[in-house]
Amino acid sequence: MSDLRELLFFYADSGADEALEDEPVNRLAPKQPAPPQPAEPAVGDRDAPAPPRQAAPARTVPAAPRPPTGPVSAAVPDERQAERARELARSAGSLEDLRDLLADFDGCNLKFTAKNLAFSDGDPAAEVMLVGEAPGREEDIQGLPFVGRSGKLLDRMLAAIGLDRGKAYIANVIPWRPPGNRTPTPLETEICRPFIERQIELAAPKVLVTLGGPSTKALLRTQEGILRMRGNWRTHITASGVEIPTMPTLHPAYLLRNPAHKRLAWRDFLALKLKLRELKDDA
């Protein structure tokens, strides 16, 4: 029974929370025989001369368009919305302003399929800020990041080094849940990136933790895999030039699927604890 429960939880975390058909389908049932093919025509019918075919009217083939003679720049689809997002993010003078701007922003299609905006949770003045990729089902319902099964694991990981949600600031690169928990497209990430970068800049944490590969790649502008990046301190540079020590680590949802790798995340969180202690000693 516990295996079945874990399987159901896995389906829910993966976004498989809706039935695709009204009735269950028995895919193990024997296949129905193919419908009979129409009988061959009688000999007399085959030998009868076919009626003459009328010639098809001649079609005019349009001339192929000439290639442009000047240089052509590759256009990013909906680049206007990405530029608009950058302008709006720069105009936010506070986290409250940024949240209001995101609530009114209609340039990302994910807003129209999500139930709620999952902007942040925790203390905006905390020394450490943790950033994941996008909300899941429970996060979408409650309008808060990391409140589902992966969020509960994150709470335990924080508690293990003496932190909790009241002593950390938590957000996502994408503030709206993608339908069915699908992976956000590169364009969706690019449109949302200016908002999370401005959110980091306004919160001004002393230490940043990127949870999982997508958030690490988005905020550190890298294509390296998370298993190679994790455990090594990197630097996130804000638009104003402030350098923030950044620890890439494994996403809690990944750890739920691969519990053997929890030991790697534990090492990363111990390094985070040590970094926070060093910063406090230097203050």
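What to note about this one:
- In the stretch 158-169, the residues that are surrounded by fewer than 20 Cβ atoms within 10 Å (Cβ to Cβ), aliphatic (A, V, I, L, M) and part of a helix (DSSP H, G or I): Ala159
- Here Gln81 fulfils each of the conditions (1) buried (at least 16 other Cβ atoms within 10 Å of the Cβ); (2) modelled with pLDDT under 95; (3) assigned to a loop (DSSP other than H, G, I, E, B); (4) not β-branched (Val, Ile, Thr) apart from (3).
- Unique match (being modelled with pLDDT under 95 and polar (S, T, N, Q)) among Asn172, Asn181: Asn181
- Scanning the stretch 86-137 for residues that are in a strand (DSSP E or B) and not charged (D, E, K, R) gives Gly122, Val128, Met129, Leu130, Val131, Gly132.
- A Cβ distance below 7 Å, combined with a sequence gap of six or more or placement on separate chains, defines the contacts here; from the stretch 260-283, residues that are touching a residue at least 24 places away in the same chain (Cβ under 8 Å) reach residues that are among the aliphatic types (A, V, I, L, M) and in a helix (DSSP H, G or I) in the pairs Ala265/Met157; Ala265/Leu255; Phe269/Met157.
- Complete set of residues in the stretch 239-267 that are surrounded by 14 or more Cβ atoms within 10 Å (Cβ to Cβ) and either within 14 Å of Arg156 (Cα to Cα) or at pLDDT below 95 (or both): His251, Pro252, Ala253, Leu255, Leu256, Lys262, Ala265, Trp266
- Lone qualifier among Asp140, Asp155 - being surrounded by 21 or more Cβ atoms within 10 Å (Cβ to Cβ), of a type outside the set (Gly, Ala, Ser) and not in a loop (DSSP other than H, G, I, E, B): Asp140
- Unique match (being modelled with pLDDT of 95 or more and either loosely packed, with under 10 Cβ neighbours inside 10 Å or more than 27 Å from His251 (Cβ to Cβ) (or both)) among Arg99, Arg86, Arg66, Arg90: Arg90
- Subset tally (residues that are under 25 Å from Ala89 (Cβ atoms) and in a loop (DSSP other than H, G, I, E, B)) for the stretch 222-252: 8
- Where a residue in the stretch 139-160 is more than 18 Å from His261 (Cβ to Cβ) and its partner, wherever it lies, is in a loop (DSSP other than H, G, I, E, B) and among the charged types (D, E, K, R), with Cβ under 8 Å and at least six apart: Glu139/Arg177; Asp140/Lys115; Asp140/Arg177; Ile141/Lys115; Gly143/Lys115; Asp155/Asp164
- None of Lys273, Lys280 is in a helix (DSSP H, G or I) and modelled with pLDDT under 95 except Lys280.
- Some residue of the stretch 119-126 being at negative phi and aromatic (Phe, Trp, Tyr): yes
- Restricting the stretch 204-221 to residues that are under 21 Å from Arg277 (Cβ atoms) and either among the β-branched types (Val, Ile, Thr) or assigned to a loop (DSSP other than H, G, I, E, B) (or both), the residue that is nearest to the chain's Cα centre (by Cα): Thr210
- Residue satisfying all of: in the stretch 190-238; basic (Lys, Arg) and within 18 Å of Ala125 (Cβ to Cβ); surrounded by the most Cβ atoms within 10 Å (Cβ to Cβ) among these: Arg198
The values are calculated or read from the model by the stated rules, or taken from the named source; none is laboratory data. Since we're looking at a predicted model, the values are computed, not measured. Note that each Cβ is placed from the backbone with ideal geometry, even for glycine, and that neighbours are counted across all protein chains shown.
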